[in-house]
Every structure is written in C-alpha cells, then in structure tokens.
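The values are calculated or read from the model by the stated rules, or taken from the named source; none is laboratory data. Keep in mind it's a predicted model, so treat the numbers as computed, not measured. In this analysis, Cβ positions are derived from the backbone assuming ideal geometry, glycine residues included, and neighbour counts consider all displayed protein chains.
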Amino acid sequence: MRPEQLHVAIIGAGATGVELAAELHRTTREVIAYGLDRVDAEKDIQVSVIEAADRVLPALPPRMSAATEALLRELGVDVHTSAKVAEVLPEGVRLADGRTLPAELVVWAAGVKAADLMKDIAGLETNRSNQLAVLPTLQTTRDADIFAIGDCAACEWPEANGGKGGLVPPRAQAAHQQASHVAAQIRRRLAGKPLKDYRYRDFGSLVSLGEFSTVGNMMGGLIGGSLMVEGLFARLMYMSLYKMHELALHGVVKVSLDTLARLITRRTEPHVKLH
Ligand SMILES: Cc1cc2nc3c(=O)[nH]c(=O)nc-3n(C[C@H](O)[C@H](O)[C@H](O)COP(=O)(O)OP(=O)(O)OC[C@H]3O[C@@H](n4cnc5c(N)ncnc54)[C@H](O)[C@@H]3O)c2cc1C
C-alpha cells in the first residue's frame, strides 16, 4: 500500500459492510466522470473489509460467503477474515492479533445496539444489546401486557445456527412478520382467546454487490431447504423486493409514478450526488 492512498476500513462483513464495499468501489470510479479526474481510484483508494468470523456474510450459507468474497477480491477489496478489531486508532485499526491496518476513514458496520434508554426500561428484562427479552408470544418476560417486536425484541429462534439456537435476526422480514403476528394476537386477546406463539420464517436474504452482482439464498417450505441465487435473477429479485417494500409503504399510484419518473431521470442524473 502507498502512503498517499486513502484507506477505507469497513469493520464488519455482514450484508451492510459487503454492500458498502461494492458500492464504494463503484462510486469512487464514478466521481471521475464528474470532474475529480485527478483521482485514480485504482491507485489512490483502497477499501478493506474486516470480519471477526472466518468468512464474510457469516450469518448466511457458506456458498454465498465464498461467491461474495471472490467477487470482492476481484474488485480489489482487501478482505480480512478471522480478524477481530480491538481498537480504532487515529492512523488505523488495531486487530486483536496485534496487527495494525492503516485507515484514514473507518466505517462501523459490525452490528447495532438499541438505544441506552432501553437498558432495563421500566424494570423489564434486557440483554447486552438493550433488546427486550420476549416470550414466544412476543410478550415481554416480566410483563405480559407489554409486547416487543422488531429489532428491539430478543426473541428465541430454536432453528438458528443449524439447530443450535439463537435469536431471531434483526431483519425487516422478522419485524414485518412480528408486526402481523402481534396485530392478530391483540385481536385474539380482546376476544378472550389464548395467544399463539410466533415462529420466525426465514425467506432468505439478498445481498447487492452494486452493479457487479447480487447474491442471495431463498429458504422455506416451498423449495425445502436453501437455494442459492446469483446474477441477473438475484438482481431482479432484489429490485422486486425493494418495489414490494415501497408498495407496502406508499401504495400503487405513488410507486408507479415514482418508478416512471426514475426511469426518465436516470439517463440525465448522476448516481452520486456531488453537492
Ligand atoms: C444499513 C442497514 C441495512 C439494512 N438492510 C436490510 C436488508 O437489506 N434486509 C433486511 O431484512 N433488513 C435490513 N436491515 C435491517 C432492518 O432495517 C431492520 O431489521 C428493520 O428496519 C427493523 O424494523 P423496526 O421497526 O424494528 O425498527 P426500525 O425500522 O429501526 O424503526 C424504529 C423507528 O423508531 C424510531 N425511534 C427510535 N428511537 C425512538 C424514540 N426514542 N422515540 C421515538 N421514535 C424512536 C426510529 O427513528 C425508527 O424510525 C438493514 C439495517 C441497516 C441499518
């Protein structure tokens, strides 16, 4: 590495860190077209992702990790796995094994924690991430009148980690399922019926690697296990998933008009906003 390079260290190679690395690679090449032609992205910018687990995308199937790591390396991204960050220093990132990776820009993408105000809120049981411990019914463990859903709920998922158990992951699909479940349970409770347990159904994950590729896995009863998807098919799935999300939020009319407007303006507008 050359001393005059800009080193960007992304800590955490989950979906967020991996997507950011691919997107940064594309963006740094695109800025040249908008006047920053003295920047040579190949030579001047070095992006690294640093992951404590032994592979990128550790929460997803190993085949997806291997395909993603190969693609990131192809893009020139430095991938460090089994590398635990111990300290962020002014000049870089110190790893637990004593090595220091130079970095002028450090991005934390290694997980989120609920706000500190959640810690032991109202005497409820919380974990290290300040999530509220919930029963399978999504009622908090210490107060059956309080439900918790989404990222702030620590809900057991017995099938996680190949049957070893764990928590329902902090994902939009889990938040969505839990919201529907709780709405149904409130109706049952008002009708004097017993509450039903929530079971997380993993429909799979899609990780976009910018314009280069999209990888994903589909899970569930329909296909009986996990199926890896890649390339154009995965990209189309990623795009349609995003549209479904927009439809749920904004409705058909707004999304149709917005999609049409984007199709027209994408030819004239830069992908990157430079002001
Ligand atoms: C960068 C990034 C990328 C992601 N990509 C994906 C993905 O591709 N697929 C996927 O499934 N999941 C993804 N996730 C996770 C997904 O966004 C979350 O799991 C999901 O949004 C959880 O929904 P939620 O309603 O529990 O919380 P949120 O969506 O975070 O909603 C919580 C809301 O509460 C508000 N709030 C917080 N504190 C207070 C307060 N004190 N008072 C009032 N309001 C407050 C917040 O502003 C926010 O609007 C991603 C997350 C991040 C950070």
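Residues are listed down the side, and each one gets a yes or a no for (1) outside the structural domain of Leu167 (by TED's automatic domain parsing); (2) within 16 Å of the ligand (Cβ to nearest atom):
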residue: Leu24; (1), (2): yes, yes
residue: Ala41; (1), (2): yes, no
residue: Ile50; (1), (2): yes, no
residue: Ala59; (1), (2): yes, yes
residue: Ser65; (1), (2): yes, no
residue: Thr68; (1), (2): yes, yes
residue: Leu75; (1), (2): yes, no
residue: Val79; (1), (2): yes, no
residue: Asp120; (1), (2): no, yes
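Against the criterion of being at pLDDT below 75 and surrounded by 10 or more Cβ atoms within 10 Å (Cβ to Cβ), Ser256 does not qualify. Has segment 145-161 got at least one residue that is within 16 Å of the ligand (Cβ to nearest atom), of a type in the set (A, V, I, L, M) and over 29 Å from Tyr242 (Cα atoms)? For segment 145-161, residues within 16 Å of the ligand (Cβ to nearest atom), of a type in the set (A, V, I, L, M) and over 29 Å from Tyr242 (Cα atoms): present.
The single residue among Gln178, Gln185 that is buried (at least 19 other Cβ atoms within 10 Å of the Cβ), more than 15 Å from the ligand (Cβ to nearest atom) and not in a loop (DSSP other than H, G, I, E, B) turns out to be Gln185.
Elements of the type helices (runs of 4 or more DSSP H) sitting completely within segment 1-84 and holding at least 1 residues that are hydroxyl-bearing (Ser, Thr, Tyr): these cover 15-30, 62-74.
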